[in-house]
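Following: one structure in structure tokens, then a few remarks.
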Amino acid sequence: MSIAENVHPAGFYTLGAPITDEKVPAGPLEERWDTRKFNAKLINPTNRRKISIIIVGTGLAGASAAATLGEAGYKVTSFCYQDSPRRAHSIAAQGGINAAKNYQHDGDSVYRLFYETVKGGDYRAREANVYRLAQVSVNIIDQCVAQGVPFAREYGGLLDTRSFGGVQVSRTFYARGQTGQQLLIGAYQALERQIAADLAPKLAEDGLVFVGLDEAALLWGTVTVDDIRALLPQPSTVIVKDGEVGATSLSATGTVFEPSPKIDVVEVVGAGDAFAAGYLHALLAGRSERERLQRGHEAAGRALTTTDDVGAALA
Ligand SMILES: Cc1cc2nc3c(=O)[nH]c(=O)nc-3n(C[C@H](O)[C@H](O)[C@H](O)COP(=O)(O)OP(=O)(O)OC[C@H]3O[C@@H](n4cnc5c(N)ncnc54)[C@H](O)[C@@H]3O)c2cc1C
């Protein structure tokens with residue numbers, strides 16, 4: 001076809017090359033994603049741990065994929081260069097998520113969401129992918145709710161929706177003006193769950209483990225020192241620190257608790273590392289378990305009473 005043949009008679013547009021999607025299966029549009037899923041090779045759950053997956057970026061796409069594949073049993077390595085996976089560009093998505101749930105009974109459907117997305121995308125989108133987007137949109141909302149994303153709700157408690165982006169139906173689920181942030185926090189917490197699940201077996205290989213009681217509660221949902229020991233039975237010594245309360249050592253020789261000395265805290269940064277340094281110093285000097293804990297408290301106390309990175313040296 002010549003260039004002249006590609007131009008609309010009134011000159012309104014020029015026909016471009018057809019959009020090809022070579023990987024999409026043949027068949028009716030609305031069945032292609034189901035066909036793709038059915039034809040995909042399945043992997044036995046016991047074999048998934050042998051497969052390593054690298055995911056670069058922890059926006060909504062990357063973080064969700066990493067958490068989901070980790071939950072499914074694959075060995076996932078997730079790369080993030082921000083200070084936290086919560087800081088991806090996805091944080092900007094304030095409007096909400098579209099899902100063809102038709103909760104408002106206003107005539108919405110998977111086909112309508114598909115149709116309007118293709119139209120809204122200036123007919124440039126790959127249609128089978130857009131149909132898939134419309135199909136899975138209904139599941140994404142359920143997944144986010146299960147992760148704890150606080151979507152806006154109506155007075156009666158049902159999920160609220162709004163009309164967004166000029167459409168005639170109300171299909172946008174939102175969390176006030178913070179949808180992006182809240183979704184990222186949900187995805188990040190799902191990632192955290194995988195990190196915690198992976199951490200316990202790794203720690204089991206170590207001989208000496210330092211754990212904060214509050215950190216363990218966040219990571220593993222543990223409450224007491226004994227809960228932590230039950231989770232980490234292998235390390236020969238587990239030291240559980242509980243801030244201003246004290247530190248407990250659990251080992252084959254028994255349990256030793258040493259209360260924290262009373263001090264005026266200036267800044268907590270570095271206290272955990274200082275405690276470990278003091279404990280290890282006494283360990284290498286052949287001191288008793290109680291003396292090791294005391295030395296740990298002493299070093300932590302130096303770090304807690306200064307805004308410097310490192311407290312004054314111990315005598
Ligand atoms: C202002 C704005 C408003 C929007 N509003 C909405 C809305 O209301 N509703 C909606 O559905 N969509 C909205 N969108 C679109 C939506 O936010 C994006 O489509 C979606 O967040 C993209 O997610 P993502 O995970 O693919 O990308 P991103 O969130 O950009 O995540 C990609 C991540 O990869 C990281 N990365 C890139 N390269 C590397 C590397 N080499 N190594 C390590 N990390 C790397 C990036 O730093 C980033 O953290 C909006 C977008 C913008 C900009």
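Checking Gln104 against (1) in contact (Cβ under 8 Å) with a residue 40 or more places away in the chain; (2) within 11 Å of the ligand (Cβ to nearest atom); (3) within 26 Å of Leu159 (Cα to Cα), which single condition isn't satisfied?
So the condition that Gln104 fails would be (2).
Which ones in segment 283-293 are over 17 Å from Val209 (Cα atoms) and in contact with a helix residue (DSSP H, G or I) (Cβ under 8 Å, 6 or more places away or on another chain)?
Arg287, Glu291, listed by residue number.
Mind listing whichever residues of segment 245-282 are among the hydrophobic types (A, V, I, L, M, F, W, C), closer than 15 Å to Val209 by Cβ, free of Cβ contacts under 8 Å to residues at least 40 places away in the same chain and not in a loop (DSSP other than H, G, I, E, B)? Break it down into steps so the answer makes sense when it comes.
First pass over segment 245-282, keeping only residues among the hydrophobic types (A, V, I, L, M, F, W, C): 245, 247, 250, 252, 256-257, 263, 265-266, 268-269, 271, 274-277, 280, 282.
So of that shortlist, the ones also closer than 15 Å to Val209 by Cβ come out as 247, 250, 252, 275-276, 280.
Retained after the next criterion (residues that are free of Cβ contacts under 8 Å to residues at least 40 places away in the same chain): 250, 252, 280.
The answer is Leu250, Leu280.
Restrict the check to segment 31-49 and report whether at least one residue is modelled with pLDDT under 95, of a type in the set (Lys, Arg) and under 21 Å from Ile141 (Cα atoms).
Yes, segment 31-49 contains a residue that is modelled with pLDDT under 95, of a type in the set (Lys, Arg) and under 21 Å from Ile141 (Cα atoms).
Would you pick out the residues in segment 301-315 that are in contact with a helix residue (DSSP H, G or I) (Cβ under 6 Å, 6 or more places away or on another chain), assigned to a helix (DSSP H, G or I) and without any contact (Cβ under 8 Å) to a residue 40 or more places away in the chain?
Passing the criteria: only Ala303.
Do you know which residues across segment 121-153 are small (Gly, Ala, Ser), surrounded by fewer than 19 Cβ atoms within 10 Å (Cβ to Cβ) and touching a helix residue (DSSP H, G or I) at 6+ places or on another chain (Cβ under 8 Å)?
If we filter segment 121-153 for residues that are small (Gly, Ala, Ser), which is where we start, we get 121, 125, 128, 134, 137, 146, 148, 152.
Remaining after also requiring surrounded by fewer than 19 Cβ atoms within 10 Å (Cβ to Cβ): 121, 125, 146, 148, 152.
Correct list: Gly121, Ala125, Gly148.
Any idea which of Ala17, Ala100, Ala40, Ala26 is touching a Leu at 6+ places or on another chain (Cβ under 6 Å) and within 22 Å of Arg126 (Cα to Cα)? Steps first, answer last, please.
On the way: Ala17 fails: touching a Leu at 6+ places or on another chain (Cβ under 6 Å); Ala40 fails: touching a Leu at 6+ places or on another chain (Cβ under 6 Å); Ala26 fails: touching a Leu at 6+ places or on another chain (Cβ under 6 Å).
Of Ala17, Ala100, Ala40, Ala26, the one residue that is touching a Leu at 6+ places or on another chain (Cβ under 6 Å) and within 22 Å of Arg126 (Cα to Cα) is Ala100.
To keep it simple, each residue is scored yes or no on (1) part of a loop (DSSP other than H, G, I, E, B); (2) away from the ligand (no atom under 13 Å from the Cβ).
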residue	(1), (2)
Ser137	no, no
Gln143	no, yes
Gly157	yes, yes
Ser170	yes, yes
Arg176	yes, no
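Here are the criteria: (1) within 17 Å of the chain's Cα centre (by Cα); (2) modelled with pLDDT of 95 or more. Tell me which single one His105 does not satisfy.
The failed condition is (1).
Could you tell me which residue of segment 64-95 is farthest from the ligand (Cβ to nearest atom), considering only residues that are assigned to a helix (DSSP H, G or I) and exposed (fewer than 14 other Cβ atoms within 10 Å of the Cβ)?
For segment 64-95, the residue satisfying everything is Glu71.
The values are calculated or read from the model by the stated rules, or taken from the named source; none is laboratory data. Because the structure is predicted, anything quoted here is derived from the model rather than measured. Positions of Cβ are generated from backbone atoms using ideal geometry, with glycine treated the same way; all protein chains shown enter the neighbour counts.
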